[in-house]
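Following: one structure in structure tokens, then a few remarks.
Taken together, the values in this text are just the output of simple stated rules run on the coordinates, not laboratory data. All of these numbers come straight from a predicted model, not from anything done at the bench. Note that we place each Cβ from the backbone using ideal geometry, even for glycine, and neighbour counts take in every protein chain shown.
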Amino acid sequence: MVRLPLTPAEVARGERLGALLRRARGERSMLDTALAARVSPETLRKIESGRVATPAFPTIAAIAAVLGLSLDAVWAEINRTDGAEEIDGTGGTGGVDGAEATGPPRRVPEPLAS
């Protein structure tokens, strides 16, 4: 199967996703975050750097759960195109804690313990 090149919009969305995850991770180590989400540290590194602009949904759901982000907040952030304030916990559209202006945050199941 041939993979089509990403559009500029998809690349930009991947960069916004990576920036959001880096901000939400804060001082936490990439290794600890990746292991808690059950993804490889290299996968997390590639997503945060924008090198993987379209990661699989379960991967993002697991990382978001570890970082305490609602999927609604992640979706709102990566799809913004109007220059709206970013989600960083300082009054943006939802905040890192997952509070949404459109309703309560969705809870993502915790990754299974090994």
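Here the Karplus curve 6.51 cos²θ - 1.76 cosθ + 1.60, taken at θ = phi - 60°, turns the phi angles of region 20-36 into couplings of 4, 5, 4, 4, 5, 5, x, 8, 5, 6, 4, 4, 4, 5, 4, 5, 5 Hz, with x standing for Gly and Pro.
Could you give log10 I(q)/I(0) at q = 0.20, 0.33 Å⁻¹ for region 1-46, computed by the Debye formula over C-alpha point scatterers of equal weight, without solvent? With one equal scatterer per Cα and no solvent, log10 I(q)/I(0) is -0.73, -1.14.
Close amide H contacts of ARG80 (hydrogens built in the peptide plane, cut-off under 5 Å, sequence separation of 5 or more or a different chain): none are found. Of the GluC sites (Glu not before Pro) in region 1-74, the ones in a loop by DSSP (not H, G, I, E or B) with at most 12 other beta carbons within 10 Å are GLU27. This model, with +1 at the C-beta of Lys and Arg and -1 at the C-beta of Asp and Glu, gives region 18-81 a dipole about its Cα centre of some 140 debye.
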